[in-house]
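Please treat every number below as a calculation from the coordinates, not as lab data. Since this is a predicted model, take the numbers as computed values, not measurements. Don't worry about glycine lacking a Cβ; one is built from the backbone with ideal geometry, like all the others, and counts go over all protein chains shown.
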Amino acid sequence: MANLLEIKDLEKSYLKVGVNFGGSRVKILNGVNLTIEAGSCVGLIGESGSGKSTLARLIMGLEKPDKGSILFEGIPAKQWIKNNKGKMSVVFQDYTASVNPRYTVVEAIAEPIYASGAVTDLDQRIDRLLVKVGLEHEIKNRYPHELSGGQLQRVCIARAIATNPRFIVLDEAISSLDVSVQSQILKLLHRLRIEMNITYLFVAHDLQAVSHLCNKILFLYQGQIVEELQSGELAMAKNKYARDLLASVIPFEV
Amino acid sequence: MAGFWKRFRNDNLAMGVSLFLLMVITLAILAPLLAPYDPTAQNIIDKFQGPSLTHWFGTDQLGRDVFSRILFGGRVTILVSVLTMVVTIVIGTVLGVMAGYFRGTVDDVIMRICDIMLSFPSEVLILAIVGILGTGITNIVLATVIAKWAWYVRMIRSIVIQFMDSNYIRFAKVAGCSTGHIVRKHLLVGAIGEIAVLATLDTAAIILNISALSFLGLGVQPPTAEWGMMLNEAKNVMTTNPGQMLAPGMAIFLVVAAFNFLGDSIQEALNPKINRGFKTKRYSLLDSLFGRKKVVTE
């Protein structure tokens, strides 16, 4: 399969807070190399502070890298995003802050549709999207604070798939949901991927959720990808950090 | 915005205060038609009269009708303060949004200029500018704008930065929304409550400021009526006729208080969450003072 995303020698550092005059920087990403095949689901695992979110922000074009390249189908990310409006999308961890509190559900879902330019039969499109993510029509005119966490995250997913994107970044998309809701959302994401042929980058710290959904899992540790595994061969991890992480999963039997 | 008006209409204090301000502004605009006397006509024989049917608020030390002077004074005070507020807020919003949205070099340049402006104490700066340009209404407006814009740029920039950090703006950027869309739909709509609060509080502060300058003899020149200057003139006869301070003092107090309450009410009406029983602490004092009830809408 062709590569959708190719990242080479990506580096990113931030100024240390409080010591700007010395110009000392903290290196967050230190030469990241990764490829994501079209149609696949790639999991990105790492502990807090390992640079997952920074990497996600760089891929989405929200920040500029210090060094290295991010290529979508061989085109620099910035250019690709410009040429393919609405073909990349994102679902965030913190659902309460990811919808404008002054938007109703309809307005939130309509926003990316307007942005991508193709506005035809908006009402029906939104109805179809709501059905797709398993939401009732009654919630259409509600505000975010009138929805439950699971409902709101479904709205975020509906909004993310509204423009038929090819690539979605799931930035810890299920981490702040209840366990029972987590599995529902995972199933929903899995179904949508198959139906709409979307490529996922699933950023998470929860190994179990990732291994359930992804074909390939990357372990990010101290700004570098230290291990790359197919989901079937988790037991074959060679890197110490990846093995520790795998060992730390608490097995439980019912 | 429909929700905003609904909540605003249901808030008794907000409606009362708006009506009051509307009335004050109408009275000020219609002053030439409504005033029973010429505000500058002197009648030294009738000086220091108490309130009566012929002179509602009495007369001052030169026998001028205080009610007419309050009406004409309101024209100057309110016109000048609203004009100053609009100019400062527009400058503050444009530069603040630019600095907060684009960050980087743009932000650095704007902020360093603001730092320079903020290193002068604003009262001294206003006095200095009025001193150089001379007294007069135009120069007061100019001096107040020069002294204050930097502070508003700072405030609005920090409000904008807080919004820029939210995930819905990140999403809008990823979805390919234009800068104009993000600024209008997310930043301005989100920040307008806080900007409105700044603006109304600012108007109140400017009314006090202009009154203070007139009180010092640097603002509006006699015999033009202006509330601060009326207070200044009343000060001279404070020991013999303390009642002279009542009318201009109350006028300033009521209008300033009304603008402050209006600011609070706008913020409350703009935030859908506040009506849901999530009231934040800053409203609790006001609520208890005015016995404001929670508004149930929808």
Cα centroid of region A:72-91 to Cα centroid of region B:173-196, whole Å = 22 Å
remark   = Quarter of the surface of the C-alpha convex hull for region A:129-187, i.e. direction-averaged projected area in nm², equals 4.3 nm²
task = Working from Cα positions, state the angle (0 to 90°, nearest 10) between the long axis of helix B:246-270 and the longest principal axis of chain B.
result = 20 degrees
Charge dipole magnitude, Cβ of K and R +1, D and E -1 - the protein assembly as shown, Cα centre, debye nearest 20 = 480 debye
note = Expressed in angstrom and ordered largest first, the alpha-carbon extents of chain A along the principal axes are 52, 50, 43
ask   = Against the longest alpha carbon principal axis of chain B, how many degrees, from 0 to 90 and to the nearest 10, is the axis of helix B:12-29 turned?
value = 50 degrees
task = Give the Rg/Rh ratio for region B:2-290, taking Rg as the radius of gyration of the Cα atoms and Rh as the Kirkwood radius, to two decimals.
result = 1.04
request  = Using only Cα atoms, locate the centre of region A:99-129 and the centre of region B:214-263, then give the distance between them in Å, rounded to an integer.
outcome  = 54 Å
query = If you count, for every residue in A:96-104, the Cβ atoms of partner chains within 10 Å of its Cβ, what is the mean?
reply = 6
remark   = Amide H proximity to residue A:89 below 5 Å, modelled H, separation 5+ or other chain, gives A:167, A:168, A:169
query = If one computes the Cα centroid of region A:177-254 and of region A:33-53, what distance in Å separates the two points?
reply = 10 Å
key: Under the Debye formula (equal points on every Cα, no solvent term), log10 I(q)/I(0) of the protein assembly as shown at q = 0.07 Å⁻¹   = -0.57
For residue A:181, net neighbour charge (Lys/Arg +1, Asp/Glu -1) across residues whose Cβ lies under 12 Å away = +1
message = For chain A, take the longest principal axis of its alpha carbons; what is the angle in degrees between that and the long axis of helix A:179-196, to the nearest 10 within 0 to 90?
response = 80 degrees
query = How many partner chain Cβ atoms sit within 10 Å of a residue's Cβ in peptide B:162-173, on average, as a whole number?
reply = 6
ask   = What dipole magnitude, in Debye to the nearest 20, does region B:28-181 give about its Cα centre under +1 on Lys/Arg Cβ and -1 on Asp/Glu Cβ?
value = 400 debye
